[in-house]
Amino acid sequence: MNVLVINAGSSSLKYQLFDMQTEAILAKGMCDRIGIDGHLKHKPEANDKPIFNESIPLPTHAEAINVVIEKLTSQEYGVISSLSEINAIGHRVVNGGRKFSESVLINQEVIDAIEACARLAPLHNPANLMGINACQKLMPGVPQIAVFDTAFHHTIPEYAHVYPIPYKYLEENDIRRYGFHGTSHKYVSSLAIDYLGGKVEGSKIISCHLGNGASLAAIKDGKSIDTTMGVTPLEGVPMGTRSGSIDPALVDIISSIEGNISVKETMDILNKKSGILGVSCFSPDFRDVETAAGFNIENGHRVEGAPVNEKCKLALDIFCYQVAKFIGSYIVAMGGVDAIIFTAGVGENSPYARFGIISNLGGIGISMEEPKNRFRGLGEFVDITGNDSSAKVLVIPTDEELVIARDTVDIVKG
């Protein structure tokens, strides 16, 4: 069975085509700048055909899907001979609200429910629906599956997901902690449990999905019991451009400072101009910030004689401290921890961030073997645990698209 995985953003569309008999990637790519000027990078993986990487008109998501299909089936760049070789489509959907606790076959009722959740994820759910609608028009007979970022976190207990605000907002407006990156947390925690001997019951895992967007999850007995992101992806640790958790009164204070700007404009500051970018006044990219702070991004060590941008160093210190603080709170929540996982762009690629975070946990007996930590971009499972550490410290590459493809196959096969 060939499964096409679609991850549609407001102006982008990422995709991978899997042969699920072997779980091999046949091709992958990204349509970028949809509705602006358009760009496509398409990479065949199943043969020696060339990469397509050019600007191309992409006025809507429908045109983007059309271009993807054309490249997948073309003589020069293709990996399949016709559209009929795509047996199912798996869509990433960011927020399924309280309704969806697992992946589902898409029908009109599901589409209506995803639309209803758009107010909880206004930047994401409408874009996800664009991808769904475009695929339905082009491939009307092909089963399509919605895989929700929020589904894995539906096991979070009530005392951890209900906000201490008037209860009517939960009852009438579905306001609660939802959490995100669920497919990533699910994937890497299952690999960690296998590595620890395969016993799900009694396992205590903390998964750190650290990228431009970042979240942690406390995973006990294979189930999420808490996570740092909330009703939106703004809550939790500082991120590339997001503030993470702050005093709510800052919304009013910032509005006043900026000349009584609207709540929407203030939220724009917290979502797009804060976090690492806001503190460093330099860049949201950890590679840029680490370099400016005087560190070698390949091994995490200070570069002798390199100038140090103190604001960049402070931004990194805040990030490492906040991640470590949440790890400590989750150890309390679970009554211990067996393994701490680093995954996603920063988690997999930043020796400096991994070392900075774990260094904050020395007081509770958690350590890493520093020489094993001197790598970025290996794309492999690496155990960097210190000899005397009270818990395993693991670097596990995430694969959200594979989780989506697996769920798609399971539902289609029934």
Exercise. Looking at (1) out of contact with any Gly (no Cβ under 9 Å at 6 or more places or on another chain); (2) of a type outside the set (D, E, K, R); (3) open to solvent by 60 Å² or more (accessible area, probe 1.4 Å); (4) within 18 Å of Met130 (Cβ to Cβ), can you tell me which one Ala62 breaks?
Worked result: (3)
For this session: Only residues that are basic (Lys, Arg), under 18 Å from Asn212 (Cβ atoms) and either open to solvent by less than 40 Å² (accessible area, probe 1.4 Å) or not in a helix (DSSP H, G or I) (or both): list them for the range 272-308, please.
Result: Lys273
For this session: Specify the residue that is least open to solvent (accessible area, probe 1.4 Å); the eligible residues are those in the range 81-99 that are in a loop (DSSP other than H, G, I, E, B) and at pLDDT 95 or above.
Result: Ile86
For this session: Quickly run through the range 335-363 and pick out the residues that are aliphatic (A, V, I, L, M) and open to solvent by less than 20 Å² (accessible area, probe 1.4 Å).
Result: Ala339, Ile340, Ile341, Ala344, Val346, Ala353, Ile357, Ile358, Leu361
For this session: List every residue pair whose Cβ atoms sit under 6 Å apart, with the two residues 6 or more apart in sequence or on different chains, where the first one lies in the range 215-234 and is under 13 Å from Phe152 (Cα atoms) and assigned to a strand (DSSP E or B) and the second, anywhere, is open to solvent by 10 Å² or more (accessible area, probe 1.4 Å) and among the small types (Gly, Ala, Ser).
Result: Ala218/Ala333; Asp226/Ala160; Asp226/Ala333
Seminar exercise, completed: If we keep only residues of the range 309-334 that are more than 13 Å from Val237 (Cα to Cα) and either in contact with a Phe, Trp or Tyr (Cβ under 9 Å, 6 or more places away or on another chain) or at pLDDT below 95 (or both), then the residue surrounded by the fewest Cβ atoms within 10 Å (Cβ to Cβ) is Lys311
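Can you give me the number of residues within the range 41-58 that are in a strand (DSSP E or B) and not acidic (Asp, Glu)?
7
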For this session: Would you please name the residue that is least open to solvent (accessible area, probe 1.4 Å), looking only at residues in the range 149-191 that are out of contact with any Asp or Glu (no Cβ under 8 Å at 6 or more places or on another chain) and among the aromatic types (Phe, Trp, Tyr)?
Result: Tyr178
For this session: Mind listing whichever residues of the range 134-180 are closer than 26 Å to Lys413 by Cβ and at pLDDT below 95?
Result: Ala134, Cys135, Gln136, Lys137, Leu138, Met139, Pro140, Gly141, Asp149
Seminar exercise, completed: Output for Cβ contacts, cut-off 7 Å, separation at least six or different chains, first residue assigned to a helix (DSSP H, G or I) in the range 355-378, second open to solvent by 80 Å² or more (accessible area, probe 1.4 Å) and modelled with pLDDT of 95 or more, reads Glu370/Phe355; Asn373/Phe355
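The values are calculated or read from the model by the stated rules, or taken from the named source; none is laboratory data. Quick caveat, the model's predicted, so the values are computed rather than measured. As a convention, Cβ positions derive from the backbone with ideal geometry for all residues, glycine included, and neighbour counts pool all protein chains shown. Calculation scope for accessible area: heavy atoms of the full protein, side chains included, ligands and nucleic acids excluded. Shrake-Rupley method; radii C 1.70, N 1.55, O 1.52, S 1.80 Å.
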